[in-house]
1. Quickly run through the stretch A:137-148 and pick out the residues that are under 23 Å from A:R4 (Cα atoms) and either in contact (Cβ under 8 Å) with a residue 12 or more places away in the chain or of a type in the set (D, E, K, R) (or both).
2. Could you give every pair whose Cβ atoms fall below 6 Å, whose first residue belongs to the stretch A:368-379 and is more than 10 Å from chain B (Cβ to nearest Cβ), and whose second residue is buried (at least 17 other Cβ atoms within 10 Å of the Cβ) and in a loop (DSSP other than H, G, I, E, B), counting only separations of at least 6 or pairs across chains?
3. Would you mind stating whether A:Y353 is at pLDDT below 95 and outside any strand (DSSP E or B)?
4. Just wondering, is there one or more residues in the stretch A:212-227 that are at pLDDT 95 or above and within 14 Å of chain B (Cβ to nearest Cβ)?
5. Could you pull out the residue among B:L188, B:L167, B:L204 that is in contact with a helix residue (DSSP H, G or I) (Cβ under 8 Å, 6 or more places away or on another chain) and either closer than 27 Å to B:V72 by Cβ or not acidic (D, E) (or both)?
6. If a residue has to be over 24 Å from B:D16 (Cβ atoms) and assigned to a loop (DSSP other than H, G, I, E, B) to count, how many in the stretch A:523-546 make the cut?
7. Report, by residue number, each residue of the stretch B:78-125 that is of a type outside the set (D, E, K, R), part of a loop (DSSP other than H, G, I, E, B) and under 29 Å from A:K561 (Cα atoms).
2 protein chains.
Amino acid sequence: MKIRVTIVQLNAHLGDFDGNLKKIYNAIDIAEKNQSDFVVFPELFLTGYPPEDLVLRTSFLKKNIEYINKIVSYSKDKKTVILIGYIDVEDDAFNSLAIIHNGKFLGKYHKHLLPNYSVFDEHRYFKSGNEITIIEYNNIKIGINICEDIWSPIGPLHYQVLNGTQLIINSSASPYFYGKRKLRKKYLSTKSYDYHCPIVYCNLVGGQDEVVFDGGSIVTTSEGNIMYECKPFEEEIVTLDIPIEENLRTNLQDPRRRHISSTKIPNINIIKISNKIERKTKINVSTKNFSLKREEEIFKAVTLGLRDYIIKNGFKKVVIGLSGGMDSSLVAAIAVEALGKDNVLGILMPSMYSSSHSIEDAKNLAENLGIKYYIIKIENIYYSFVNELKEIFSNTKEDITEENLQARIRGTILMAISNKFGHIVLATGNKSEIATGYSTLYGDMVGGFSPIKDVYKTDVYKMAKWYNKFKGKEIIPQNVFVKPPSAELRPNQKDQDTLPPYEILDEILKLYIEKELSVEEISEKFDKETVKYVAKLVDKNEYKRRQGVIGVKVSERSFGKDRRMPITSKYKEW
Amino acid sequence: MKIRVTIVQLNAHLGDFDGNLKKIYNAIDIAEKNQSDFVVFPELFLTGYPPEDLVLRTSFLKKNIEYINKIVSYSKDKKTVILIGYIDVEDDAFNSLAIIHNGKFLGKYHKHLLPNYSVFDEHRYFKSGNEITIIEYNNIKIGINICEDIWSPIGPLHYQVLNGTQLIINSSASPYFYGKRKLRKKYLSTKSYDYHCPIVYCNLVGGQDEVVFDGGSIVTTSEGNIMYECKPFEEEIVTLDIPIEENLRTNLQDPRRRHISSTKIPNINIIKISNKIERKTKINVSTKNFSLKREEEIFKAVTLGLRDYIIKNGFKKVVIGLSGGMDSSLVAAIAVEALGKDNVLGILMPSMYSSSHSIEDAKNLAENLGIKYYIIKIENIYYSFVNELKEIFSNTKEDITEENLQARIRGTILMAISNKFGHIVLATGNKSEIATGYSTLYGDMVGGFSPIKDVYKTDVYKMAKWYNKFKGKEIIPQNVFVKPPSAELRPNQKDQDTLPPYEILDEILKLYIEKELSVEEISEKFDKETVKYVAKLVDKNEYKRRQGVIGVKVSERSFGKDRRMPITSKYKEW
């Protein structure tokens, strides 16, 4: 026995009810054409995810209900049962899945487990559901649930299986970080094996401000195998025939089932559907299972995050300050992949401290990428500032002020170009820099989006290396790889003059930021004074990050909504 | 019968365990000297509030337990029972109140109702308590609870009173917004009346990043009167004798009591304390009840917020760009009140578009305030930018680019002065500007703190007027009040060229932002095209606000943690 399911792994545009509806209708048509029993959309696909404080607007909630009713009308005379994510409004707002069939709104499921950690704030917006939903479809029991609901040993998944469901359909909007794709596959296949129940896991794809959804929707079999995986970081609509075991309860061939008792729990909502589909089409899809290299995966994640930020906000072109260093080189490459070379403008802004090779490297990069570039010198502007500041700065010495001034002149130039031509400035800072405050507020930190904000410097190099290999030629010049990193804001400056070597720095940062280990604990592995110094830099620079531009999360803990540290704090471990 | 309580309305410094401990010891000593039965501290006083993601650090939690143990030791041979806010750690972290007496940790209460709206994220950090705590103190039943616990008809307060408590002690960290002080007094006095039970409400005072705690701790009588109110926006330690009714259960003089049944609910934790204090001192405190004018209240709130931000972060001095306009004039006045005139530096940065009266007004203001100022001209710097941008800007027309350029030159100058002398730059934008994006990112938006970020332009004028009256002389020059607001970034520019009159704008903003009303609904009161235009400006400028500097919340909904709108969104009501 088989259930035919169409998985809709599409890119929703937050708040774009008309645009999302168009995608929904198109996917329903495909599912119907393929004679599917079910078509499943990602979590809150109708509104886009996460809608954040738009949920607090009654007008927004009403509009979402209005559009769900449009889908109900559209479903008239169609055989396929539609499972679509929306916000239900009863005595409160619920993160919900609507069950729609042949012009009728058959019922709804309210998400139980609301994540309120990391980037999530779902307790701010939604009330928890308290009902378990099982669809009896032609006498086959199908459990439906939403995202987090499947990620707990005592959540809805558990109770649905205990009550005899033969298939689980989960609608998700699960943001990417490196490691999650592997974890997800391991977790879902183990759950399927454990409960002896196939799982259809439908995930959102696309970028939304600080997060990117990687898609990679999965179907697992009751044996715990991955039957199909949708493409990562791309849209895909696929129809699959999923094998269902007919009589699970007495299946003595599989002793695992005997451990699953049919405990009844309160508030089981059973929705019965009888449907007759005489199949003409046959579905042949071969097994797919994607495994990307770390560098490639992160590259694809940030590329999608950048593209969607620019495009969904109604822009097309970006401008990047090219220093000849690795960060701006990689960001330019990412931008070209995301938006095309004609939409990327490079600005070289040499100062009196810029080395000639930096200018050469930046030029070579721009030419290799095929992007337009300009050279704008900052020296004269710098001295005009120095001149006007002469009086107030009399009797003071040159210090970091003059370094920051150069960075801010560059920031101002990029913003002027942005204002004049409508290009969005891309910030080029990496996570190691942003963590330690090795960057100038309103200087190199300016921009509308920061593609590698959550990428450590050591990963920046690896991604650049991968990129050249991927392109089959040396797009990012070899010299950029070999020269020591420098901000070039004073003569002979090197990053490593003030920071520990990046191999060490990045490891300490990971333990301190992502694992929240104490300075004591980290010092078991690294030199204590170095650890203290790094922890101090991280703590002291919260104020800069608070004004930092957004970028996409690719690690377990990114700066932004994912890490909410106070600025004012006297707590220190250093 | 009376219970003597010392209320500790002090200013905690987040993460400053040693500093907070010193304040705690000192307050305990005062309570003990006054022969108090109880000394109560604000919510999480030991750590400071809100500790945000520091709670996710095990090392932070451990340190807080270590310091609670110090307080236990310190309490040895003291009669006063100590109620102190800290983070309890069992199987999870709890927002808790410790009950400490004579060298013993007698018990703890875990907060039940965790706010997760507005600026609060308590579900991110804490598990809810499930036990109701009643202290039987010399056979008097005292209910203790934390902040939000008192703000619900079915919360701990309710169950405590139903179980016979004769006094409620609530430990709070309740952030200020205008209107809350009045609401709090009304609510608590009504609750006291309704339950026929006095309430001691001990609130935190002080600024912490985006919020300020206004203190104003209250004691209400069982008749619903306010017996005492601590000073708003100031530290205060006060000892009071609170009248307790001896046998509430049979008090037939008051028919209200008859409605309160002694329903038992599960998990009542009763902590018995016998204590003998032979009183020598007598407490005579007269009734106090503060009522401030709106302008005065907001002025005090932002002054405290600013002072604490600067001081707690280890700074002393600030620098402000003085344009001769109302916003920068008021901010300078606030800074002088917060930090003293010797700690405020004014910078006048006239351009070719600055009117002579602007420079005169700014000079007069600086002289009236007694602050030092410098004049730094931006014209030459401006033309040096224009010169370097000539090639790339060839065949383009002058537009907003050139206006933003001037603002960014000023921002860069202020930051250079900040870097050189270690002064924090104060941003001077008001809420009306920030809401509509009438400001330049990295220009007039630069700074470490933004004192009037949550103050509407119409309130800015009222506060300035109040300030002059309060000082008894015209500190802010009369001309600043009468001239039309202008950014002076092009010839004869006026705010009202592009924005509706502030009286209308501010009302629309309040309904759209604070009340979350739809454009439809607001248009019932105001011209629809104007409402649409304002809503569009608010929506379109989220990206600027996301990089905006922090400032203190004084309204029901401020920009920052209090309003979490997506940048990328196609939802619009305009």
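The values are calculated or read from the model by the stated rules, or taken from the named source; none is laboratory data. No experiment lies behind these values; they were computed from the predicted model shown. Positions of Cβ are generated from backbone atoms using ideal geometry, with glycine treated the same way; all protein chains shown enter the neighbour counts.
1. A:Y137, A:N138, A:I140, A:K141, A:I142, A:G143, A:I144, A:N145, A:I146, A:C147
2. Final answer for the pair search is A:N368/A:I475.
3. It is true that A:Y353 is at pLDDT below 95 and outside any strand (DSSP E or B).
4. Checked against the condition, which is being at pLDDT 95 or above and within 14 Å of chain B (Cβ to nearest Cβ), the stretch A:212-227 yields at least one hit.
5. The unique qualifying residue is B:L188.
6. The qualifying residues number 4.
7. B:H112, B:L113, B:L114, B:P115, B:N116, B:Y117, B:S118, B:V119, B:F120
For every residue, the table says whether it meets (1) more than 26 Å from A:L441 (Cβ to Cβ); (2) buried (at least 24 other Cβ atoms within 10 Å of the Cβ); (3) in contact with a Ser or Thr (Cβ under 6 Å, 6 or more places away or on another chain).
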| site | (1), (2), (3) |
| --- | --- |
| B:S356 | yes, no, no |
| B:Y374 | no, no, no |
| B:I400 | no, no, no |
| B:G411 | no, yes, no |
| B:N419 | no, no, yes |
| B:G422 | no, no, no |
| B:G429 | no, yes, yes |
